[in-house]
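Heads up: the structure comes next, in structure tokens.
Nothing in this text is a laboratory measurement; each read-out follows from the coordinates by a stated rule. Computed from a predicted structure; not experimentally measured. Quick reminder, even Gly has a Cβ in these numbers, built from the backbone with ideal geometry, and neighbours come from all protein chains shown.
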Amino acid sequence: MATWLARAKVNLVLDVVGMRPDGYHELATIFQSIELADVVTVEPAADIDVSCETPGIPAGPENLAFRAAALLRERAGITAGARIVIDKHIPAGAGLGGGSADAAATLVALNELWALGLSAGELAALGLAAGSDVPFMIAGGTCIGRGRGELLTPLAGIAPFPIAVVVPPVAVATAGAYRAVDEWPSPQHPDLEPALAALRRGDLEALARSLGNTFEAPIAAREPVVAATLGVIRAVAPRGVVMSGSGSALIVVGASDAQVEQLRSRLPGCFVWSGRTASAGVCRLAENKPGVVDRGL
Ligand code: C5P
């Protein structure tokens, strides 16, 4: 049996550049892994079996981890199975890549369990068939993402920084969120460059001023609880607040302990997490220092 951490991601900047002929949207984004993580355990079994005790998370073929395992088995041309147990900590439908993280961890874990010897690039190509965020979830750390999000440029040497995540009590389905952007009259197209320069300098203040997300205005307009939550967060933390992915998660870059305390007391209906950014996506649980794991869960 092997246990793996499947870390969540946030988007520090996310520009939905436009629609592509294949029906997907062209993105320009800065992906960032955070310590918040699901725990994925794999062990040999006769067939592929995914289980998760969290209500609302599918256990069968609708689970991205199941799909990733089936794709890997087909690609390898083997008949082996695996029992995959997912211990969820990443809220679903939040734009934090939880399902993609589980799929990424499953690919990495089964590549090892089944001794397939596939490269990270080969796993990423398989993962893209399960979901657009899976290649980043395998790579982890800090990356520029283009295309559907699979054309990745890693940024090395970015020091971890504090971050808080607030998830309002509403799940956002990705495909519908893209439609909301398409129908929005004046979509914002945030520039990646100021945030990239701030990250390279380790300038958290400048980073906090450089965040942006095309989804934020249309999703806040469609979901009043998101707009209300954004209002409360901005009253507590005037800078460094932005939506992650297609929502509903909202992040606070450089959040202080006092601000997190206030968010918890003023937003009792929201999931509030605080911790640090992470320099890896998927990793074996045993490889982590205990303190890092504690903060990640
Ligand atoms: O790739 P994934 O399964 O996560 O995408 C879910 C849906 O989100 C797609 O079916 C598509 O409607 C939309 N999407 C998109 N452009 C992207 C990623 C996702 O339009 N780059």
Check your understanding: Can you tell me which residues in segment 1-50 are among the hydroxyl-bearing types (Ser, Thr, Tyr) and in contact with a strand residue (DSSP E or B) (Cβ under 7 Å, 6 or more places away or on another chain)?
Key -> Thr3, Thr29, Ser33, Thr41
Check your understanding: Only one of (1) closer than 23 Å to Asn213 by Cβ; (2) within 16 Å of the ligand (Cβ to nearest atom) fails for Pro58. Which number is that?
Key -> (1)
Exercise for review: Could you give me the residue pairs with C-beta distances under 7 Å whose first residue belongs to segment 128-148 and is over 13 Å from Gly99 (Cα atoms), whose second residue is of a type in the set (D, E, K, R) and near the ligand (Cβ under 8 Å from one of its atoms) wherever it lies, and which are 6+ apart or on separate chains?
Suggested key: Gly147/Glu26
Exercise for review: Select from segment 1-25 the residues that are outside any strand (DSSP E or B) and either surrounded by 13 or more Cβ atoms within 10 Å (Cβ to Cβ) or within 15 Å of the ligand (Cβ to nearest atom) (or both) and list them in ascending order.
Suggested key: Arg20, Pro21, Asp22, Gly23, Tyr24
Revision key, fill the gap. Residues in segment 148-172 that are outside any strand (DSSP E or B), within 13 Å of the ligand (Cβ to nearest atom) and out of contact with any His (no Cβ under 9 Å at 6 or more places or on another chain) total 3
Practice item. Would you confirm whether any residue within segment 127-147 is in a helix (DSSP H, G or I), more than 13 Å from the ligand (Cβ to nearest atom), of a type in the set (Val, Ile, Thr) and more than 16 Å from the chain's Cα centre (by Cα)? Key: no
Practice item. Among the residues of segment 200-227, write down those that are of a type outside the set (Asp, Glu), in a helix (DSSP H, G or I) and either in contact (Cβ under 8 Å) with a residue 24 or more places away in the chain or under 22 Å from Leu27 (Cβ atoms) (or both). Key: Arg200, Leu204, Leu207, Ala208, Ala217, Pro218, Ile219, Ala220, Ala221, Arg222, Val225, Val226
